[in-house]
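One structure is given here, and the rest of the page talks about it.
The values are calculated or read from the model by the stated rules, or taken from the named source; none is laboratory data. Note that the structure is predicted; figures quoted are calculated from it, not measured. FYI the Cβ positions are ideal-geometry reconstructions off the backbone, even for glycines, and counts take in every protein chain you see. For accessibility, only protein heavy atoms count, side chains too; no ligands or nucleic acids. Shrake-Rupley method; radii C 1.70, N 1.55, O 1.52, S 1.80 Å.
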Amino acid sequence: MEQTTASLNAAQLDFLQLLGHVKTMEELDELRQVVSDFYARKAEEAMDRLWETGQWSKEKDEEILKTHLRTPYKYAK
């Protein structure tokens, strides 16, 4: 265990301790939702900053919508 925890950062260790208190699947689902909401809020705040600073615009939205971003698959013959 000591070797494993040595490669984890402080946030990961704190989160592991928190997970030790989860007793039911319902609690785990609720915790997952809280973490998901946290990162969704962070992403929204980051996008708001991009809009406020002019680094993002309606034109960029349209450009992204028209951009083909999929990885082409190469089939073996």
Checking E52, E45, E59 in turn, the sole residue that is under 16 Å from the mean Cα position of the chain (by Cα) and among the acidic types (D, E) turns out to be E45
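Kindly indicate whether A6 is at pLDDT below 95, exposed (fewer than 11 other Cβ atoms within 10 Å of the Cβ) and under 18 Å from the mean Cα position of the chain (by Cα). First the steps, then the outcome.
On the way: at pLDDT below 95: yes; exposed (fewer than 11 other Cβ atoms within 10 Å of the Cβ): yes; under 18 Å from the mean Cα position of the chain (by Cα): no.
Against the criterion (at pLDDT below 95, exposed (fewer than 11 other Cβ atoms within 10 Å of the Cβ) and under 18 Å from the mean Cα position of the chain (by Cα)), A6 does not qualify.
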(1) open to solvent by 100 Å² or more (accessible area, probe 1.4 Å); (2) part of a helix (DSSP H, G or I): which one isn't true of E27, the others all being true?
(1)
